[in-house]
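Written out below as structure tokens is the structure these notes cover.
The values are calculated or read from the model by the stated rules, or taken from the named source; none is laboratory data. Predicted, not measured: the structure shown is a model, and the values here were computed from it. Counting neighbours? That spans all protein chains shown, and the Cβs are built from the backbone with ideal geometry, glycine included. Protein only, heavy atoms only, side chains kept; ligands, DNA and RNA dropped before computing areas. Shrake-Rupley method; radii C 1.70, N 1.55, O 1.52, S 1.80 Å.
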Amino acid sequence: MAEKHFKYVILGGGVAAGYAAREFAKHGLNPGELAIISKEAVAPYERPALSKGYLFPQGAARLPGFHVCVGSGGERLLPEWYSENGIELILSTEIVKADLASKTLTSAAGATFTYDILIIATGSTVINLSDFGTPGANANNIFYLREIDDADKLVAAIETKKNGKVVIVGGGYIGLELSAVMKMNNFDVTMVYPEPWCMPRLFTSDIAAFYEGYYANKGVKIDKGTLVVGFDSDANGDVTSVKLKDGRVLEADIVVVGVGGRPLTKLFKAQVEEEKGGIKTDGFFQTSVPGVYAVGDVATFPMKLYNDIRRVEHVDHARKSAEQAVKAIKASEEGKVIDEYDYLPYFYSRSFDLSWQFYGDNVGETVMFGDNDPASAKPKFGSYWIKDGKLLGAFLEGGSPDETKTIAKLARLQPQVTDLEQLAKEGLSFASKI
């Protein structure tokens, strides 16, 4: 096969790739300078839709409706946008070898691609229960959700197993969002997770108690503090039940597993510096190899705000890191200097009629405020995280867009806090004094 050369190659076709392509186009590109190589069969899209709108029983989201960059209020980049901008979309192409020294990528089909500058935007892959040797984990109708193909398989199962029983394994983002959407599809839903409460990496037990109570009121059953140890299936290989460590067995027509992800860095092992499970970068997302950048889930980068280095798995960072890398590449070519990445961590989720946002760092003591009764008609509450007399993190459920901006401002400014009781009384109004 003939070798193809590009000035810039983005490896990976997820959210980061789309936002990087848009940034390149803003700066001006010559036709044929940029290629996106993706193992998916479709142009970059807003991945969060897969666990929300894509699975709705009515008015479900479908492509081309959620191609990037609609998730952040930007223009929707249809497949033709790439060709109109001289960008080559190389889809359904899995790269199996990367040689950074010779600047060469090789596909599973044996095609080779060379580049001057590479942006690694490979994202994450799901952690599969069969990786742990869980008995029966390869049965039919056990689903994972990462790519549009995964979502399509789940949509088909929702149709064939109408009004059946679903077990959701995991109590994080996917667990909470999928439990809600499967309930909306009129399934009997049970969530199972080993931790003492849901979303333990972010939620305090008090915050989690609200969501667990709300979900219970919606009819979602929650089994926490126990592990899934196996699955039974019928003669056709379809899953029929989920075995728990405490000895109980849950009937299941469908199982959805959301137990985390792993950054896809394997292609680059021993070729770049790594740290904290990701590829180590500077504040411009350049790796230890000149001309090679890493963005999104795979990048471990300096978190300026906390004088720390971190890896962040979230769509907001995927978008912003991709834009920063391209700005840095173009500035370097023009002999200009840009500011280092100065990221404020941001996480959010939507399920049922709920919507929460979190900004900052969830360390230190917590102060809750507002109405966190799961039975309230319109619950609205929040939490602040205080460490060494400074407000470092802020969480808000049910807030307005302006109130969301307010908590972001607090997390960025890190105001002094001396009286926690007073802070709890003031709640959101504390921000008006800053």
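Here are a few things to note about the model shown:
- Residues satisfying the criterion are absent from the range 94-111 (criterion: within 30 Å of Ser288 (Cα to Cα), open to solvent by 20 Å² or more (accessible area, probe 1.4 Å), within 23 Å of the chain's Cα centre (by Cα) and of a type in the set (Gly, Ala, Ser)).
- Those strands (runs of 3 or more DSSP E) lying entirely in the range 301-416 with at least 3 residues among the hydrophobic types (A, V, I, L, M, F, W, C): 354-360, 365-371, 380-387, 390-397
- Here Glu195 qualifies as open to solvent by 20 Å² or more (accessible area, probe 1.4 Å) and either modelled with pLDDT of 95 or more or of a type outside the set (Lys, Arg) (or both).
- When each of Lys380, Lys433 is tested for being surrounded by 13 or more Cβ atoms within 10 Å (Cβ to Cβ) and not aromatic (Phe, Trp, Tyr), the lone residue that passes is Lys380.
- Residues of the range 230-258 that are among the aliphatic types (A, V, I, L, M), touching a Ser or Thr at 6+ places or on another chain (Cβ under 9 Å) and either farther than 13 Å from Asn138 by Cα or assigned to a loop (DSSP other than H, G, I, E, B) (or both): Leu244, Val249, Leu250, Ala252.
- Among the conditions (1) exposed (fewer than 13 other Cβ atoms within 10 Å of the Cβ); (2) over 20 Å from Lys165 (Cβ atoms); (3) touching a residue at least 24 places away in the same chain (Cβ under 8 Å), the only one that Thr204 does not satisfy is (1).
- Residue match in the range 248-256 (condition: open to solvent by less than 40 Å² (accessible area, probe 1.4 Å), under 21 Å from the mean Cα position of the chain (by Cα) and modelled with pLDDT of 95 or more): yes
- Within the range 1-49, considering residues that are closer than 19 Å to Ile117 by Cβ and among the charged types (D, E, K, R), the one surrounded by the most Cβ atoms within 10 Å (Cβ to Cβ): Arg22
- A search for C-beta distances below 9 Å between a residue of the range 355-368 that is touching a residue at least 60 places away in the same chain (Cβ under 8 Å) and any residue that is of a type in the set (Asp, Glu), counting only pairs 6+ apart in sequence or on different chains, returns Thr366/Asp206; Met368/Asp206.
- All positions within the range 1-19 that are of a type in the set (A, V, I, L, M, F, W, C) and assigned to a strand (DSSP E or B): Phe6, Val9, Ile10, Leu11
- Residues within the range 212-229 that are outside any strand (DSSP E or B) and crowded, with 18+ Cβ neighbours inside 10 Å, tallied: 4
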